[in-house]
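Participant: Let me give you the structure first, and then I'll get to my questions.
The values are calculated or read from the model by the stated rules, or taken from the named source; none is laboratory data. Computed from a prediction, not measured in an experiment: that's the story for all the values here. Cβ placement follows ideal geometry from the backbone for every residue including glycine, while neighbour counts extend to all protein chains displayed.
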Amino acid sequence: MPPPFNLERYNFNGHDVRGYFDRDANGNEILKGLKKDKQGFLNDKLGRRVNQHGYLIDMYGNLTDKRLRTKLHKHIMEQNNGEIPQLFTYKGKKFDLLDVMGHFDKDRKGNIILRKDAKGKMVDKKGRAVNGKGYLIDADGNVINTEGKIMFEYFTLTKDGEIPKLFPFLKFNIDEVKGDYEMDPLGNPMLQKTRDGHLVDSKGRRVNSKGYLIDDLGNIVNKRKGKVFDRRLLEDDGEIPKVFRAGLLRKDTYDSFS
């Protein structure tokens, strides 16, 4: 499974946590005038409990999916006034989840109803190309936003087309993917070389020029040898994605699911 799904537990499909609503002529969801249940909670077209922003919730305010499984703790939702927190791309750019989601009708179980164009390709209600998970894509299968900008390259998606969920509260300890070595006065790792010309740390483990632990293919691994970053995600100099080294993610934070 591609990274960072082995780093976080908050991976879910955007459509699965979104209510089903009528749309206006511009395709915008109509959230005003929603019906309420006997307990006073707002309901979507399928009679499911939603908050004021249209996200599925339980009686406590936790974000849930269509199967009523908790996906985000109520504290996270409350901190964002009921919205899902903005996400990061690997380059550290923030974006809203709704900006990469197509527009669909849903069946009685809350599943999106995918359409096909004349060429047999999957499209949303606006005729835009989408993948099987309902995300907007370009001709190469990269997930794009409503402006056509690439947010996630195809190879970073799961096999069924799900996108990474890089939330600001995602925990990541960079020390878990670094080798053991001293630094020179310029801040560069002091590494050794094997007879075969491979860089290694003080414990003889394979590393790249930036001191990150790697496997034989150049993928970044952790100290347990588990794959963390595909080599295609690395920058030309071997650095890991900016979002994981620019202080955008929290190293020590409250985690309701830990």
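Participant: Taking into account only those residues within the range 232-249 that are assigned to a helix (DSSP H, G or I) and of a type outside the set (A, V, I, L, M, F, W, C), which is modelled with the highest pLDDT?
Facilitator: My answer is ARG232.
Participant: Go through the range 189-231 and give me each residue that's surrounded by 12 or more Cβ atoms within 10 Å (Cβ to Cβ), at pLDDT below 95 and more than 23 Å from the chain's Cα centre (by Cα).
Facilitator: Correct list: LYS223 only.
Participant: Out of everything in the range 144-168 that is among the aliphatic types (A, V, I, L, M) and closer than 13 Å to ASN11 by Cβ, what residue ends up being surrounded by the most Cβ atoms within 10 Å (Cβ to Cβ)?
Facilitator: Out of the qualifying residues, it is LEU166.
Participant: Turning to a different aspect of this structure: Go over the candidates TYR60, TYR55, TYR20 one by one and state the one that is free of Cβ contacts under 8 Å to residues at least 24 places away in the same chain and among the aromatic types (Phe, Trp, Tyr).
Facilitator: Just a single option satisfies the conditions, and that option is TYR60.
Participant: Hey, another quick one. For the range 111-143, enumerate the residues that are surrounded by fewer than 19 Cβ atoms within 10 Å (Cβ to Cβ) and in contact (Cβ under 8 Å) with a residue 24 or more places away in the chain.
Facilitator: Correct list: ASN111, LYS125, LYS126, ARG128, GLY132.
Participant: Has the range 4-15 got at least one residue that is surrounded by 17 or more Cβ atoms within 10 Å (Cβ to Cβ), polar (S, T, N, Q) and within 28 Å of GLU153 (Cβ to Cβ)?
Facilitator: Within the range 4-15, one or more residues are surrounded by 17 or more Cβ atoms within 10 Å (Cβ to Cβ), polar (S, T, N, Q) and within 28 Å of GLU153 (Cβ to Cβ).
Participant: Every residue in the range 1-22 that is at pLDDT 95 or above and either under 21 Å from LEU42 (Cβ atoms) or in contact with a Leu (Cβ under 6 Å, 6 or more places away or on another chain) (or both), please.
Facilitator: Answer for the range 1-22, where residues must be at pLDDT 95 or above and either under 21 Å from LEU42 (Cβ atoms) or in contact with a Leu (Cβ under 6 Å, 6 or more places away or on another chain) (or both): GLY14, HIS15, ASP16, VAL17, ARG18, GLY19, TYR20, PHE21, ASP22.
Participant: Does the range 119-142 contain any residue that is closer than 22 Å to ARG48 by Cβ and part of a helix (DSSP H, G or I)?
Facilitator: Looking for residues that are closer than 22 Å to ARG48 by Cβ and part of a helix (DSSP H, G or I), one finds none in the range 119-142, hence no.
Participant: Within the range 147-201, how many residues turn out to be assigned to a loop (DSSP other than H, G, I, E, B) and of a type in the set (A, V, I, L, M, F, W, C)?
Facilitator: Residues in the range 147-201 being assigned to a loop (DSSP other than H, G, I, E, B) and of a type in the set (A, V, I, L, M, F, W, C): 8 in total.
Participant: Here's something else I'd like to know. Only residues that are touching a residue at least 24 places away in the same chain (Cβ under 8 Å) and β-branched (Val, Ile, Thr): list them for the range 169-225, please.
Facilitator: Residues satisfying the conditions are ILE174, VAL177, VAL207, ILE220, VAL221.
Participant: So which residues in the range 62-85 are assigned to a loop (DSSP other than H, G, I, E, B), surrounded by 15 or more Cβ atoms within 10 Å (Cβ to Cβ) and either modelled with pLDDT of 95 or more or touching a helix residue (DSSP H, G or I) at 6+ places or on another chain (Cβ under 8 Å) (or both), if there are any at all?
Facilitator: Within the range 62-85, ASN62, ASP65, LYS66, GLY82, GLU83, ILE84, PRO85 qualify.
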